[in-house]
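Here the structure comes first, spelled out in structure tokens, and everything after it is commentary.
The values are calculated or read from the model by the stated rules, or taken from the named source; none is laboratory data. Predicted model only: the values in this text are computed from it and were never measured. Positions of Cβ are backbone-derived with ideal geometry, glycine not excepted, and every protein chain shown enters the neighbour counts. Accessible surface areas use protein heavy atoms only, side chains included; no ligands, DNA or RNA. Shrake-Rupley method; radii C 1.70, N 1.55, O 1.52, S 1.80 Å.
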Amino acid sequence: MQLYLIRHAETVHNVGKVLAGNTDSALTSHGMAQINCLARHFVSNSTKFTTAYSSDLSRARITAEGVCHAQTSPGETPLRPILTQSLREKDYGSMEGRFWKDSPPLPRPQDWVIPEPKESMRKRVKAFFDQHLLPLLIHDPHGQQKIAVVAHGIILQELWTYFMEIFNPPNANMHRKPVWSNTGYTTILITPNATEGVMSPTLMTAFQFVVHSIDDKKHLANLHRTRGGVGTAAHDVKQRKIDQFFR
């Protein structure tokens, strides 16, 4: 199994540096351009996904749909991402919409909702792995599947930490807490060991976990933000591109 862990494209909350865990933050025009670059990059590299999973929040879903749509040939049934709440970003509670460096107010209001604890995120990533990825590894361990997982920065880090624990790769200390840029992706190859061990609930010793890239963003090398505030504004599907006026 080749696994691609992809962060969603840029949003208005990313630009404003405010927290948007479960808030359905709109993609910027620059974010939509990032999706196009990512989708073309995978096509040019002949990376065709057999399955795609995505957070059900719109910024991740639209990113996943853009990648899947670009890979569909004429007459071919389009690949549609499987949406799941398990891949949602950390819920920041009453801190949603606040500047990311702000501290909670003191005293806190009676209706104050605390951010989602790590234990809750851990349960979600474990549920995602057990429900979706583990069956693929068990029933088709030698399969050549290419799996896209499109989610958010913090929940991807939590999924990564879970991988480090259950696969226990020899170089785990080198990649303690990787980061993801907008549309940056990390590539992992999971294959059976030559001498397959016994798989336990806590340690998947039967599989080899190899990291091929972390936060790969070569596809953004030639992408420049549109000036005049257009690039950082929320994307308008009715907005015409400048090259459409000069055809």
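Looking across region 72-90, the residues that are surrounded by fewer than 18 Cβ atoms within 10 Å (Cβ to Cβ) and assigned to a loop (DSSP other than H, G, I, E, B) come down to T72, S73, P74, G75, E76, T77, P78, R80. Residues that are more than 27 Å from V18 (Cβ to Cβ) and under 19 Å from the mean Cα position of the chain (by Cα) were ranked within region 137-161; the one that is most open to solvent (accessible area, probe 1.4 Å) is K146.
Among all positions in region 38-53, there is at least one residue which is basic (K, R), part of a loop (DSSP other than H, G, I, E, B) and open to solvent by 10 Å² or more (accessible area, probe 1.4 Å). Of all residues in region 203-247 being open to solvent by 100 Å² or more (accessible area, probe 1.4 Å) and closer than 30 Å to F167 by Cβ, which is modelled with the lowest pLDDT? Here the residue is H212. Any idea which residue in region 162-186 is farthest from the chain's Cα centre (by Cα), counting only those that are open to solvent by 10 Å² or more (accessible area, probe 1.4 Å) and among the hydroxyl-bearing types (S, T, Y)? Filtering region 162-186 for residues that are open to solvent by 10 Å² or more (accessible area, probe 1.4 Å) and among the hydroxyl-bearing types (S, T, Y), the one farthest from the chain's Cα centre (by Cα) comes out as Y162. When the test is whether a residue is at pLDDT 95 or above, within 24 Å of H219 (Cβ to Cβ) and β-branched (V, I, T), T84 does not pass it. Within region 91-106, none of the residues are surrounded by 12 or more Cβ atoms within 10 Å (Cβ to Cβ), in a helix (DSSP H, G or I) and among the acidic types (D, E). Applying a threshold of 8 Å to beta carbon distances and a minimum spacing of six or more residues, or different chains, the list of pairs starting in region 210-231 at a residue that is closer than 30 Å to N193 by Cβ and ending at one that is at pLDDT 95 or above and small (G, A, S) reads D215/S181; D215/G184; D216/G184.
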